[in-house]
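The values are calculated or read from the model by the stated rules, or taken from the named source; none is laboratory data. As the structure is a computational prediction, the values presented were derived from the model and not from experiment. All Cβ positions, even for glycine, are placed from backbone atoms using ideal geometry, and neighbour counts span all protein chains on display.
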Amino acid sequence: MKTTRIQMRGTCSICNKFHAVTDGVNVATHGYTVEWNTFNDACSGSNAPHYGHENAPAHILTVVAGLERYLLELPARIESAKSYAIEICADKTVHSYTKSVAKRQLAGLERQLSHGVPALIIALEERAANWKPMQLVKIDLEVEVQEAKDLRLAEKAKKDEVKRQAEIAKVERQAKAEVNANKRYDALIAHNYLQLFYKGEVVKSWDASYEDDRSQMDAIHKAQREHYEALDVKPDTYHWMLMGGSLYTEVRTKPDGKGRKLLSSKI
């Protein structure tokens, strides 16, 4: 047997959001936070007629009247907050966080006075003036719960598919990178042309192929070391010459410095 739970819902006359109506007239408590097992700052439309009820305009105007009184009180509140902020900001014993909170509270009150509360009053007056009767909406909670569950599952499946496609793309990129790396490696150790440079001038040229990159680097280092040892005047140590870039070797696909440069030992 199918379980059915029906909930009647309507629009809050103040915040204009869709909420449960507990007794056919009044909107359930909403818009609150819970601290120390206590509801704080509930919407003014809580436990009041929903917007479609004939008593909604009167409630809206009651809230407007309260906002107008609050608007008159705001200048005094701002002056008090300003005095407090000036006082604690001048006190070097007060923590900086406490000072920042005081400044934010003052700024919030100033925003309420400049546009926040006046704009809300105008919006609520328009809601009261444009009121028209509306019927409550019957919601099957079991269906709603199932629809929400289906939506979550669909979103999860979508995210999983995106993740799977990303993994596939990653594997493909890695495979492609490995193929390209192997090609570059094979090209590097194939029969190529090498030139040894000292202070920008070619001092030795040779061509060769090698079994692997290690044997190639050994040959390069040997040629560089031999040239360094043959210098009559050594301007610096061998390693400083390498670091300074005055002694280095290039590997190219063609002789005489032509062709594609495959490697440079210049630091």
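Checking each residue in the stretch 215-262 for being within 50 Å of the chain's Cα centre (by Cα) and buried (at least 17 other Cβ atoms within 10 Å of the Cβ) picks out Gln216, Ile220, Met241, Leu242, Leu247, Tyr248, Thr249, Glu250, Val251, Arg252, Leu262. Of the residues making up the stretch 166-182, none is in the same structural domain as Gly257 (by TED's automatic domain parsing) and under 17 Å from Leu262 (Cα atoms). Going by what's in this entry, would Ile6 be described as surrounded by fewer than 16 Cβ atoms within 10 Å (Cβ to Cβ), aliphatic (A, V, I, L, M) and closer than 21 Å to Val137 by Cα? Considered against the rule, which asks whether it is surrounded by fewer than 16 Cβ atoms within 10 Å (Cβ to Cβ), aliphatic (A, V, I, L, M) and closer than 21 Å to Val137 by Cα, Ile6 comes out as yes. Report whether or not Ala65 is in the same structural domain as Pro118 (by TED's automatic domain parsing), at pLDDT 95 or above and surrounded by fewer than 17 Cβ atoms within 10 Å (Cβ to Cβ). It is true that Ala65 is in the same structural domain as Pro118 (by TED's automatic domain parsing), at pLDDT 95 or above and surrounded by fewer than 17 Cβ atoms within 10 Å (Cβ to Cβ). Each residue in the stretch 173-211 was checked for being small (Gly, Ala, Ser) and part of a helix (DSSP H, G or I), and 4 of them qualify. For Ala107, are the conditions met, namely being hydrophobic (A, V, I, L, M, F, W, C) and either touching a residue at least 12 places away in the same chain (Cβ under 8 Å) or not assigned by TED's automatic domain parsing to the domain that holds Ile60 (or both)? When the stated conditions are applied, Ala107 does not pass them. Please find, among Lys103, Lys170, the residue that is touching a helix residue (DSSP H, G or I) at 6+ places or on another chain (Cβ under 9 Å), over 26 Å from Asn16 (Cα atoms) and in a helix (DSSP H, G or I). One residue alone meets the criteria, Lys103. For the stretch 36-80, the set of residues classified as in contact (Cβ under 8 Å) with a residue 40 or more places away in the chain and not in a helix (DSSP H, G or I) consists of His50, Tyr51, Gly52, His53, Glu54, listed by residue number. Selection of the stretch 225-249 for residues being at pLDDT below 90, outside any helix (DSSP H, G or I) and of a type in the set (Ser, Thr, Tyr) yields Thr237, Ser246. Condition check for Ile139 on (1) surrounded by 11 or more Cβ atoms within 10 Å (Cβ to Cβ); (2) out of contact with any strand residue (DSSP E or B) (no Cβ under 8 Å at 6 or more places or on another chain); (3) of a type in the set (A, V, I, L, M): one failure, at (2).
Every condition in (1) more than 30 Å from Leu263 (Cα to Cα); (2) modelled with pLDDT of 95 or more is met by Glu142 except one, and the failing one is (2). Being at pLDDT below 95, assigned to a helix (DSSP H, G or I) and aliphatic (A, V, I, L, M): is that true of Ile88 here? Yes: the conditions hold for Ile88.
Per-residue answers, yes or no, for (1) outside any strand (DSSP E or B); (2) of a type in the set (S, T, N, Q); (3) without any contact (Cβ under 8 Å) to a residue 12 or more places away in the chain:
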residue	(1), (2), (3)
Met8	no, no, no
Asn16	yes, yes, no
Ala20	no, no, no
Gly24	yes, no, no
Gly31	yes, no, no
Val34	no, no, yes
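Is it true that some residue in the stretch 151-158 is at pLDDT 95 or above, assigned to a helix (DSSP H, G or I) and farther than 30 Å from His19 by Cβ? Yes: one or more hits.
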